[in-house]
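A short reminder: the numbers here are calculations on the coordinates, not readings from a lab. From a predicted model like this one, the values you see are computed outputs, not experimental measurements. Note that we place each Cβ from the backbone using ideal geometry, even for glycine, and neighbour counts take in every protein chain shown.
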Amino acid sequence: MVHYYTSKLEKIIGGKRVSIEFGIRKLKPLEPTLKAVKVTKVEAHGKQFRIWFADGRLLLVHLMMWGSWGIYRKGQTWERAPERARAIIRTRTHEAVVFSAPVVRILSEDELRNHPKWGNVGPDPLRRDFSRRLFYRRLNSRPELPIGEALLDQTIISGIGNILRIEALFRAGVHPRRKVKTLSRGEKIRMLKAVISLMKMWLHDRNSASRWIRIYGRVGKACPRCSGTIESFRQAGRLTIACPYCQV
């Protein structure tokens, strides 16, 4: 979703001068400094939206589980209540509205780089600068972590949601409870290939998830690969689904 909306935002605000208003009290004093400011870059990094300005600052947005974007032509009625707007980015022709997002911040490049949470995200498989080497290094630094939890850790690899990690591990034939230290090099390579393939598939075919979902939502049913019964359990507070027979 992040890369999908980033491409839409790039089309309407990239390279343009914008004015920003906030529905967050502590950010209201910054509004005068964000009048007619030029957007130099709109990028996604994992689950973060980063909108960079010509003065070196950026608008960081993380939707978490509750936020959403609305993109409208100027004068068009919003689909959500105005009081839910956390940030409004206006151009001469459009309005891009962040609704209900828990994280909306204005940061300098140094503040982002040095922030222990927002600046320490792992490599994003959908970015051109994705580093397999960095991913493997961060993964291997957590040898006792179950792989199902590791794929949800945004400091190891960013942008992977719950459904995608379930389906990637199924395709790789790796059980989510396996500890990182037990995975062979071949299993790690196979798993990462599945992650990248599914992320790209989802990005380009996001309205047809049924084409690539094979076990999510099939708890108690037969595994499409070995006919064993699909099971579920919880990892890192999230529902995890796996086949206990062909995921080893």
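If amide H atoms are built 1.01 Å from N in the plane of the peptide, which residues on other chains or at least 5 residues away come under 5 Å of the amide H of R178?
Excluding prolines and chain starts, which carry no amide H, the hits are I147, G148.
Past the 19 Å Cα-Cα mark, which pairs from K8/K200; K28/K117; K193/K221; K8/K47; K11/K41; K200/K221?
Violating the 19 Å Cα-Cα cut-off are K28/K117; K193/K221; K200/K221.
Got a sec to turn the phi values of region 29-41 into Karplus ³J(HN,Hα) couplings, 6.51 cos²θ - 1.76 cosθ + 1.60 with θ = phi - 60°, whole Hz, x for Gly and Pro?
Running phi through 6.51 cos²θ - 1.76 cosθ + 1.60 with θ = phi - 60° gives x, 7, 4, x, 7, 10, 9, 6, 8, 8, 7, 9, 6 Hz.
With the Cα gyration tensor of the chain giving a ≥ b ≥ c as the square roots of its eigenvalues, does the rule (a/c under 1.5 for rounded; else a/b larger than b/c for prolate; else oblate) give rounded, prolate or oblate?
Details: a/c = 2.49, a/b = 1.86, b/c = 1.34.
Verdict is prolate for the chain.
For a test of the definition: using alpha carbon positions, the gyration tensor, and the 1.5 limit on a/c, classify region 134-248 as rounded, prolate or oblate.
The shape class here is oblate.
About the Cα centre of region 122-248, how large is the charge dipole given +1 on each Lys and Arg Cβ and -1 on each Asp and Glu Cβ? Please answer in debye to the nearest 20.
Value, rounded to 20: 300 debye.
On a 0 to 90° scale, report how tilted helix 2-13 is relative to the longest principal axis of the chain, with both axes built from alpha carbons and the result rounded to the nearest 10.
Around 20 degrees separate the two axes.
Going by a ≥ b ≥ c, the root eigenvalues of the Cα gyration tensor, does region 2-114 fall in the rounded group (a/c under 1.5), the prolate group (a/b larger than b/c) or the oblate group?
Judged from the Cα gyration tensor, region 2-114 comes out rounded (a/c under 1.5).
Need one number: nm distance between label points at I189 and N114, each 7 Å from Cα along Cα→Cβ, rounded to one decimal.
About 4.2 nm, to one decimal.
Please get the size of the charge dipole for the chain, origin at its Cα centre, with Cβ charges of +1 on Lys and Arg and -1 on Asp and Glu, quoted in debye to the nearest 20.
It works out to roughly 400 debye.
Please list, in chain and number order, the residues 5+ apart from Y245 or on another chain whose amide H is under 5 Å from its amide H, with Hs placed from the backbone.
Result for Y245 returns nothing.
May I ask you to evaluate 6.51 cos²θ - 1.76 cosθ + 1.60, the Karplus curve with θ = phi - 60°, for each residue of region 166-171 and list the ³J(HN,Hα) values in order in whole Hz, giving x for glycine and proline?
So the Karplus estimates, Gly and Pro as x, are 4, 6, 5, 5, 5, 4 Hz.
Measure out, as a whole number of angstrom, how far apart the alpha-carbon centroids of region 59-117 and region 158-190 sit.
32
Which order do the peptides 3-14, 166-177, 49-60, 125-136 come out in when sorted by mean C-beta neighbours inside 10 angstrom, highest first?
166-177, 49-60, 3-14, 125-136
Mind listing the long-range amide H neighbours of S131? Cut-off is under 5 Å, sequence gap 5 or more, other chains count too, H placed in the peptide plane at 1.01 Å from N.
Here the answer is D124, since their amide H atoms fall under 5 Å of that of S131.
Mind giving me the FRET efficiency for K200 and E83? R0 is 41 Å, r the Cβ-Cβ distance, nearest 0.05 is fine.
That pair, K200 with E83, gives E of 0.65.
I'd like the Karplus ³J(HN,Hα) series for region 124-141: coefficients 6.51, -1.76, 1.60, θ = phi - 60°, whole numbers in Hz, and an x wherever there's a Gly or Pro.
3J(HN,Hα) across region 124-141, in whole Hz: 9, x, 8, 8, 5, 8, 4, 10, 4, 4, 5, 4, 5, 5, 5, 5, 5, 6.
For a quick check, take a GNM of the chain with Cα springs below 10 Å and name the residue from Q76, Q154, Q235 with the largest mean-square fluctuation.
So, out of Q76, Q154, Q235, the one fluctuating most is Q76.
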